[in-house]
Amino acid sequence: MLALPMFARAQENAGAPAVTFGGFGTIGAVHSGQRHADFTASPLTPAQAGYTRAWSMDVDSRLGAQLTLNADKQWSAVVQVVSERTVDGNFHPHVEWANVKYQATPDLSVRLGRIALPAFLAADYRKASYALPWVRPPVELYGSLPVSNSDGVDTSYRWNAAGIRNETQLLYGRTRVAITNESSAEARGVASISNVATRGDLSVRVTAMTAEIRTDLAQDFFGALGQFGSSGAALAAQYGLDAKRISAYSAGFNYDPGNWFLMGEAARVNARSMLGDRKAWYLSGGYRFGAFTPYLTYSSVGLNMAATSPGIPTAGLPPAMAAQAAMLNAELGRQLKMIGVQRSTSAGLRWDFASGYALKLQYDHVLPREGSQGTLINVQPGFQSGKSFGVYSAVVDFVF
Amino acid sequence: MLMLKTLCLLFGLLLAFAVNAAELVVIVSARSAVTTLRTEQVAELFLAETARFPDGSEATAVDLMLGDPQRDEFYLKVARRTPALMKAYWTKRIFTGRGQPPRELPNSLAVRKLVAENPGMIGYVDRSALDASVRPVLVVH
């Protein structure tokens, strides 16, 4: 015990090994005016605001803890555990990241382990909601690619050119996500390149990402489709989920001179399957009056593909097979309706009422369009696309 | 007349106090090769957006404690960020594994001592804490 302070002092000059513990969290309640479906922030954290509950605590509530070990100037390690609503409907914590970092030079670093995916502007800190101006990242864009980490390796390099600071990140890995209680999907060969360019108060991030999806989800359905001759096989190949290469491109900017901010982002996520080929964008701005930051956001997601399919031609089929084909066609149509087309306009207020705490109130005016269910889940009979509804959210974010 | 004099004196005192309170100076070791820095360059170092001085040598920033009024003033003037915005900034950096905030020291004298001993370090102190062991590279306005 006595040797401990001496040890600490001896290390101080040599670049002190230090363990730091920190965390973040959000407690919030959400009310959705759409009573025939549930509103959720992400399909991977299915919440219950709207149909299931009048006020739902599970849309944004979350707790995260992070342990960082800085061994010396070069080596560090980080573990982050997050508890949020899972597809099983509980809040069992999961390891969000666990990686070891080697800082080769002040400009070049390499990480190995579970690493945040840099898909969008705020993708790698979206769970630490305190760092966001809003209650949650715009669901239209961030819901298009809800996966937040991958297991593998990445490298970041900082460089300067023409007065612009750049940080370029290359990542390679794989990940597995639970989609429903029984089904999961694996993304193999996740590869991404991302660059953040900063000049003065403006920063711009562009990212390209690709991965191959492996999943047993809806296997029976596509198997049945494939049995209907060449047209059935063609549909199974077009909309099948397994062994498809998903690609995502995004570009976003953030201008923040201190008193106000303006940020926007556009992305295309093409799953080359029943999960759709989507384009999404948003624009958001806010003004800071002391501790109060009112903000406005407009956000949209649309399709880069036909939202309907003629399905298997039933003409000429024996009655029993025609009936089965009609059933499969109806299911295909229903699945394609699940690819959300939606617009929303949001107004909110952030209040930094104490150090490390922010209260946020937000109203979203949401419009699922083109016969789709938008970003809603758990859709019930009686749901009507094309009818707008309001979402009221109140959350407290904190960091420690 | 007396009243006017008193007022002038009071005003003078107030002005002196205001000037004094505003005098924060960014320092490096007297042994460092760095002679002057621009506000943006200082901001980049304290926000860990770069880990090098403009001449390419390695740089490590040291800070005053969280909640210190001089620290709040420093970031407001250098990075145009309120304490809440700084907290949000470090939340982004820490919880993306992109870095840790600068090491914190209790006061200007401790900052001066550590910076004087380490040519790779940069800090900021009250002007009254300046001495020959350190070199001012920017007066914070």
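The values are calculated or read from the model by the stated rules, or taken from the named source; none is laboratory data. Quick caveat, the model's predicted, so the values are computed rather than measured. All Cβ positions, even for glycine, are placed from backbone atoms using ideal geometry, and neighbour counts span all protein chains on display.
Return the residues of the stretch A:275-292 that are away from chain B (no Cβ under 14 Å), in a strand (DSSP E or B) and not basic (Lys, Arg); say none if nothing qualifies.
Answer for the stretch A:275-292, where residues must be away from chain B (no Cβ under 14 Å), in a strand (DSSP E or B) and not basic (Lys, Arg): A:Asp277, A:Ala280, A:Trp281, A:Tyr282, A:Leu283, A:Ser284, A:Gly285.
Residue pairs, Cβ under 8 Å, 6 or more apart or interchain, first in the stretch A:88-116 and at positive phi and more than 9 Å from every other protein chain (Cβ to nearest Cβ), second assigned to a strand (DSSP E or B) and surrounded by 16 or more Cβ atoms within 10 Å (Cβ to Cβ). List them.
Note: pairs meeting the criteria are A:Gly113/A:Trp97; A:Gly113/A:Ala98; A:Gly113/A:Asn99; A:Gly113/A:Asp151.
Of the numbered conditions (1) in a strand (DSSP E or B); (2) more than 14 Å from chain B (Cβ to nearest Cβ), A:Tyr295 satisfies every one except a single condition; which is it?
Condition not satisfied by A:Tyr295: (2).
Here's a check for you: in the stretch A:344-373, which residue that is surrounded by 16 or more Cβ atoms within 10 Å (Cβ to Cβ) and outside any strand (DSSP E or B) is nearest to the chain's Cα centre (by Cα)?
Ranking the candidates gives A:Gln373 first.
Counting only residues that are among the hydroxyl-bearing types (Ser, Thr, Tyr) and in a loop (DSSP other than H, G, I, E, B), how many does the stretch A:141-162 have?
Within the stretch A:141-162, residues that are among the hydroxyl-bearing types (Ser, Thr, Tyr) and in a loop (DSSP other than H, G, I, E, B) number 2.
Among A:Thr175, A:Thr180, which is out of contact with any Ser or Thr (no Cβ under 9 Å at 6 or more places or on another chain) and within 26 Å of A:Gly89 (Cα to Cα)?
A:Thr180
Where residues in the stretch A:57-98 are in contact with a strand residue (DSSP E or B) (Cβ under 8 Å, 6 or more places away or on another chain) and small (Gly, Ala, Ser), which of them is nearest to A:Ala394 (Cα to Cα)?
Result: A:Ser61.
So, B:Pro101, is that one in a loop (DSSP other than H, G, I, E, B), closer than 24 Å to A:Val78 by Cα and more than 12 Å from the chain's Cα centre (by Cα) or not?
It is true that B:Pro101 is in a loop (DSSP other than H, G, I, E, B), closer than 24 Å to A:Val78 by Cα and more than 12 Å from the chain's Cα centre (by Cα).
Does A:Thr26 satisfy the condition of being of a type in the set (Ser, Thr, Tyr), in a strand (DSSP E or B) and facing chain B (nearest Cβ under 10 Å)?
In short, no.
For residues that are part of a strand (DSSP E or B), within 13 Å of chain A (Cβ to nearest Cβ) and surrounded by 16 or more Cβ atoms within 10 Å (Cβ to Cβ), tally how many sit in the stretch B:25-84.
Of the residues in the stretch B:25-84, 4 are part of a strand (DSSP E or B), within 13 Å of chain A (Cβ to nearest Cβ) and surrounded by 16 or more Cβ atoms within 10 Å (Cβ to Cβ).
Within the stretch B:17-49, can you find the residues that are closer than 22 Å to A:Val196 by Cβ and modelled with pLDDT of 90 or more?
If the condition is that a residue be closer than 22 Å to A:Val196 by Cβ and modelled with pLDDT of 90 or more, then B:Arg38, B:Thr39, B:Glu40, B:Gln41, B:Val42, B:Ala43, B:Glu44, B:Leu45, B:Phe46, B:Leu47, B:Ala48 are the ones that fit.
For A:Asp60, which of the numbered conditions (1) more than 10 Å from chain B (Cβ to nearest Cβ); (2) surrounded by fewer than 22 Cβ atoms within 10 Å (Cβ to Cβ); (3) not hydrophobic (A, V, I, L, M, F, W, C) fails to hold?
Of (1) more than 10 Å from chain B (Cβ to nearest Cβ); (2) surrounded by fewer than 22 Cβ atoms within 10 Å (Cβ to Cβ); (3) not hydrophobic (A, V, I, L, M, F, W, C), only one is false for A:Asp60: (2).
Among (1) surrounded by fewer than 21 Cβ atoms within 10 Å (Cβ to Cβ); (2) touching a residue at least 12 places away in the same chain (Cβ under 8 Å); (3) not β-branched (Val, Ile, Thr), which single condition is A:Ser129 missing?
It is condition (1) that A:Ser129 fails.
Can you name the number of the only condition in (1) within 20 Å of the chain's Cα centre (by Cα); (2) not in a loop (DSSP other than H, G, I, E, B) that A:Ala197 fails?
(1)
For residues in the stretch A:72-83 being within 17 Å of A:Gly113 (Cβ to Cβ) and surrounded by 16 or more Cβ atoms within 10 Å (Cβ to Cβ), which is farthest from the other protein chains (Cβ to nearest Cβ)?
A:Val81
Of all the residues that make up the stretch A:322-338, how many are modelled with pLDDT of 90 or more and part of a loop (DSSP other than H, G, I, E, B)?
So the answer is 0.
Say whether the condition of being away from chain B (no Cβ under 14 Å) and part of a strand (DSSP E or B) is met by at least one residue in the stretch A:375-384.
yes
Just a yes or no: is a residue in the stretch B:109-132 outside any helix (DSSP H, G or I) and within 30 Å of A:Leu63 (Cβ to Cβ)?
no
Among A:Val135, A:Val139, A:Val153, which is the only one that is more than 19 Å from A:Ile377 (Cα to Cα), crowded, with 24+ Cβ neighbours inside 10 Å and out of contact with any His (no Cβ under 7 Å at 6 or more places or on another chain)?
Only one candidate qualifies: A:Val135.
Could you identify the single residue in A:Arg199, A:Arg188 that is within 14 Å of another protein chain (Cβ to nearest Cβ) and either touching a residue at least 24 places away in the same chain (Cβ under 8 Å) or in contact with a Phe, Trp or Tyr (Cβ under 7 Å, 6 or more places away or on another chain) (or both)?
A:Arg199
For the stretch A:17-65, which residues satisfy the criterion of being without any contact (Cβ under 8 Å) to a residue 24 or more places away in the chain and more than 14 Å from A:Ile377 (Cα to Cα)?
Answer for the stretch A:17-65, where residues must be without any contact (Cβ under 8 Å) to a residue 24 or more places away in the chain and more than 14 Å from A:Ile377 (Cα to Cα): just A:Ala54.
Answer yes or no as to whether B:Ser133 is hydroxyl-bearing (Ser, Thr, Tyr) and at pLDDT 95 or above.
Taking the combined requirement at face value, the residue satisfies it.
So in the stretch A:227-263, with the set limited to residues that are in a loop (DSSP other than H, G, I, E, B) and either in contact with a strand residue (DSSP E or B) (Cβ under 6 Å, 6 or more places away or on another chain) or of a type in the set (S, T, N, Q) (or both), which one is surrounded by the fewest Cβ atoms within 10 Å (Cβ to Cβ)?
A:Asn259
Of A:Arg205, A:Arg268, A:Arg272, which residue is surrounded by fewer than 20 Cβ atoms within 10 Å (Cβ to Cβ) and in a strand (DSSP E or B)?
Result: A:Arg268 is the single residue among A:Arg205, A:Arg268, A:Arg272 that is surrounded by fewer than 20 Cβ atoms within 10 Å (Cβ to Cβ) and in a strand (DSSP E or B).
Can you find, within the stretch A:34-51, the residue that is surrounded by the fewest Cβ atoms within 10 Å (Cβ to Cβ) among those that are aliphatic (A, V, I, L, M) and under 19 Å from A:Pro137 (Cβ atoms)?
Among those residues, the one meeting the criterion is A:Leu44.
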